[in-house]
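First the structure, in the form of structure tokens, and then the observations on it.
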Amino acid sequence: MEDKKAEINLGFLCNNRCKFCMSDVPREEQKFIPVTEVKKELLDFYKQGYRMIGFLGGEPTLYPHLVESILFARKLGFQGVYLVSNGRRYSDAVFLKKIIQAGASRFYISIHSHKAATEDFLTAVKGGFSEKTQGLRYLAILRKKGIIKDNILLNIVINKLNYRDLSKMIRFFSQKFQLRDFRLNFINPEGRGRRNFDLLVPRYTAIKKHLTAAVGLAKKMKLNLTVGDIPFCILAGIPNFQGIVGEFKDGQRKTAIGTRGRESFFIEKRRRRDSKIKFACCKICVYNLYCEGAWKYYTKQFGVKEFKAITVPHKNN
């Protein structure tokens, strides 16, 4: 399980228009929060005992006070600072150097295809793939030089347009940019993801063969792979699936987020309460306490026949 982490959403402004974005916040609400508020939240989280802090968006690299916020976090004593970003601004070597010198230590980058056309279509930005891969080149160089000492992790949203290529994506990005850490999250059918449901949302059972192959490849290549937002029963049959699921690897992430009023919550608890659903069969499943279930809207569209209780614990092999 990873360290206790806190996250701050800096606002919903973004330079992408991803077709699966679950936020889909109206433009009039796409504003950044004042840096004074960021500093207050950093201080509050530090007093609560958090020592790993993440900055989210929208797109956090657009935040005009990002360097100042990272410096403040480090001054308080946070041991690590990570950014969850689409990675496009990392193509600017000067900007990247500034945030690393300020104290950014981990980089979580969202990219959803190894094909330029597919990536640019999904994010609705022509040339976005080129910017992201240039940024990955810079990050790989800095990691090799020892300037970046922590994780560079690739976040991939599994959807209809890429699930057949999961293994190809892992092989491409690991070999070309020396990436060792990957996160595969099943698409959340909210916001634009709901509006584009027919275009983008596959059935869980449709992705299983390709996901199993990707997990096997990652193991063979000795990569660190985590899977999120997939019910355990869909993963049944994948060796040691318990070792790759977010429910066991993520720990608790407390997040500060809001538009009209800031609020703080544990993201895992909120997801279970508001976004996901369990079924009658879950009650007899040996993993019921741990598995979050399936997205509610997914089951409204596809039903629940795919989900079966696991009655015997899977061996860690």
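The values are calculated or read from the model by the stated rules, or taken from the named source; none is laboratory data. This structure is a prediction, so every number in the text was calculated from the model and none was measured. Here the Cβ positions follow ideal geometry from the backbone for every residue, glycine too, while neighbour counts run over all protein chains shown. Surface accessibility is based on the protein's heavy atoms, side chains included, excluding ligands, DNA and RNA. Shrake-Rupley method; radii C 1.70, N 1.55, O 1.52, S 1.80 Å.
Consider region 278-300 and keep the residues that are open to solvent by 60 Å² or more (accessible area, probe 1.4 Å) and touching a helix residue (DSSP H, G or I) at 6+ places or on another chain (Cβ under 8 Å). The one that is nearest to Ile187 (Cα to Cα) is Lys296.
Where helices (runs of 4 or more DSSP H) fall wholly inside region 241-317, the ranges with 2 or more residues that are modelled with pLDDT under 65 and in contact with an Asp or Glu (Cβ under 9 Å, 6 or more places away or on another chain) are 267-270.
A residue that is of a type in the set (Lys, Arg), free of Cβ contacts under 8 Å to residues at least 40 places away in the same chain, out of contact with any Gly (no Cβ under 9 Å at 6 or more places or on another chain) and surrounded by fewer than 20 Cβ atoms within 10 Å (Cβ to Cβ) occurs somewhere in region 207-214.
No other residue among Lys168, Lys160 is more than 22 Å from Lys97 (Cβ to Cβ), of a type outside the set (A, V, I, L, M), part of a loop (DSSP other than H, G, I, E, B) and open to solvent by 50 Å² or more (accessible area, probe 1.4 Å) apart from Lys160.
Taking region 146-161 as the range and being out of contact with any helix residue (DSSP H, G or I) (no Cβ under 9 Å at 6 or more places or on another chain) and modelled with pLDDT of 95 or more as the test, the residues that pass are Leu153, Asn155.
Can you find a residue in region 16-37 that is within 20 Å of Ile141 (Cα to Cα), in contact with a Lys or Arg (Cβ under 8 Å, 6 or more places away or on another chain), in a helix (DSSP H, G or I) and not aliphatic (A, V, I, L, M)? Within region 16-37, none of the residues are within 20 Å of Ile141 (Cα to Cα), in contact with a Lys or Arg (Cβ under 8 Å, 6 or more places away or on another chain), in a helix (DSSP H, G or I) and not aliphatic (A, V, I, L, M). Take Gly80 and tell me if it is surrounded by fewer than 20 Cβ atoms within 10 Å (Cβ to Cβ) and modelled with pLDDT under 95. Judged against the criteria, Gly80 is a match. Inside region 98-155, residues that are in contact (Cβ under 8 Å) with a residue 60 or more places away in the chain, part of a helix (DSSP H, G or I) and buried (at least 18 other Cβ atoms within 10 Å of the Cβ) make up a count of 3. Among the conditions (1) open to solvent by less than 60 Å² (accessible area, probe 1.4 Å); (2) under 26 Å from Leu184 (Cβ atoms); (3) in a helix (DSSP H, G or I), the only one that Arg89 does not satisfy is (1). All conditions but one from (1) over 16 Å from the mean Cα position of the chain (by Cα); (2) in a helix (DSSP H, G or I) apply to Gly193; the one that does not is (1).
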